[in-house]
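Notes follow the structure.
The values are calculated or read from the model by the stated rules, or taken from the named source; none is laboratory data. Keep in mind it's a predicted model, so treat the numbers as computed, not measured. Neighbour counts run over all protein chains shown; Cβ positions are idealised from the backbone, glycine included.
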Amino acid sequence: MTSVCAGTYKQVEDVQRWQINAFNLQTYNRSLVGQTKILPAMSDDKDRKESGGSSFGNALMEKTPMRKLGSIVGVSCFFVLQAIAQTTPALNTPWQWQLSSTPSASELINVKLYDVDGFDASASLVNSMHAKNMYAVCYLSLGTWENWRPDAGSFPSSVKGRSNGWPGEKWLDIRNLSTLGPIMTARFQMCKDKGFDAVEPDNIDGYTNKTGFPLQAGDQLTFNRWIANTAHSFGMAVALKNDVEQVPQLLPYFDFALNEECFRYRECDNYTQFITAGKPVFQVEYSLSTSKFCPKANAMNFNSMKKDVDLTAKRIPCR
């Protein structure tokens with residue numbers, strides 16, 4: 001069965017997630033007959049205020065009864081649910097982030113999580129990671145057009161904006177989901193087909209940059225929620241990459257966080273919300289010495305390390 005709306009239903013007993021489109025649901029009943037809390041997939045700050053505030057707890061609506069219909073869970077609004085298993089990393093997870101080149105199976109180092117380029121990595125490499133009990137993350141730039149990707153020709157000029165500062169990259173008009181949605185969904189399918197456990201979507205804070213489009217905070221929230229819900233529909237977890245200012249609104253939708261240089265720019269505090277929610281934070285600094293950020297990172301229970309800006313294999317982990 002396929003889902004017809006976006007969101008996540010979670011049965012705590014077996015940690016299965018049920019993908020639907022308009023709501024995030026959590027059961028607190030061992031059977032599928034019971035009470036369920038509903039979190040609306042809110043489109044903007046106005047919706048969030050109307051539903052009771054910005055926090056995950058405050059946004060939960062009234063409890064709604066669920067019915068068990070064989071292996072299918074029925075919801076009173078006639079949503080059809082799809083059971084999808086997905087896993088998330090532990091709070092304390094040694095990791096490697098390597099994008100400038102793709103490691104071979106023999107070059108994999110002794111960590112628990114690898115984040116590599118989704119296009120360049122092969123299914124065989126992901127299998128090798130899993131054979132070593134590693135969690136595999138698929139890097140995708142979903143907020144920019146990259147002229148070297150095999151699907152670069154699928155993007156019309158109307159959605160391509162200014163350069164984001166990297167050679168061959170331009171910001172995308174994320175408001176145009178009718179055009180971008182099918183392209184990005186095909187990328188999620190690629191990650192799933194290769195066996196990845198999760199997705200790292202890059203450049204998902206365009207509204208804070210000069211993109212060539214009049215992007216607003218609400219546009220970014222809509223796009224980022226779409227990313228999270230789509231990743232979940234494929235049974236993959238998803239990281240919130242940067243977008244520090246929108247952590248409070250996006251925390252319920254994302255499974256872990258990945259940040260660049262929050263200690264340098266003194267903006268790490270928002271990420272404690274992930275830790276409190278039991279969701280890990282993966283973090284890197286490029287210019288600070290480890291003595292300047294590692295003690296703080298360890299105290300905050302972040303998985304931090306020093307990397308070079310090109311994200312080669314070199315790493316200096318904090319723990």
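Tell me whether the range 196-206 contains one or more residues that are part of a strand (DSSP E or B), touching a Pro at 6+ places or on another chain (Cβ under 9 Å) and either without any contact (Cβ under 8 Å) to a residue 24 or more places away in the chain or surrounded by 15 or more Cβ atoms within 10 Å (Cβ to Cβ) (or both). Yes, the range 196-206 has at least one match. Of the residues making up the range 86-109, those that are in contact (Cβ under 8 Å) with a residue 12 or more places away in the chain and either more than 18 Å from LEU311 (Cβ to Cβ) or of a type in the set (A, V, I, L, M) (or both) are GLN86, THR87, THR88, PRO89, ALA90, LEU91, ASN92, LEU99, ALA105, LEU108, ILE109.
Restricting the first member to the range 259-285 and to residues that are surrounded by fewer than 18 Cβ atoms within 10 Å (Cβ to Cβ), and the second to residues that are part of a loop (DSSP other than H, G, I, E, B) and modelled with pLDDT of 95 or more, the beta-carbon pairs closer than 6 Å and six or more apart or on different chains are ARG264/LEU288; GLN273/LEU251; ILE275/ASN301. Close Cβ contacts (under 7 Å, 6 or more residues apart or on different chains) running from residues in the range 131-142 that are among the β-branched types (Val, Ile, Thr) to residues that are in a loop (DSSP other than H, G, I, E, B) and at pLDDT 95 or above comprise VAL137/PHE196; VAL137/ASP197. Identification of strands (runs of 3 or more DSSP E) wholly contained in the range 120-173 with 1 or more residues that are under 21 Å from ASP310 (Cβ atoms), assigned by TED's automatic domain parsing to the domain that holds LEU108 and within 23 Å of the chain's Cα centre (by Cα) yields 135-141, 144-146, 169-172. Of the set (1) of a type in the set (S, T, N, Q); (2) closer than 14 Å to VAL199 by Cα; (3) in contact with a Ser or Thr (Cβ under 8 Å, 6 or more places away or on another chain), all apply to GLN249 but (2).
Looking at the range 78-88, can you tell me whether even one residue there is in a loop (DSSP other than H, G, I, E, B), surrounded by fewer than 17 Cβ atoms within 10 Å (Cβ to Cβ), modelled with pLDDT under 90 and not assigned by TED's automatic domain parsing to the domain that holds PHE302? Yes: the range 78-88 contains one or more residues that are in a loop (DSSP other than H, G, I, E, B), surrounded by fewer than 17 Cβ atoms within 10 Å (Cβ to Cβ), modelled with pLDDT under 90 and not assigned by TED's automatic domain parsing to the domain that holds PHE302.
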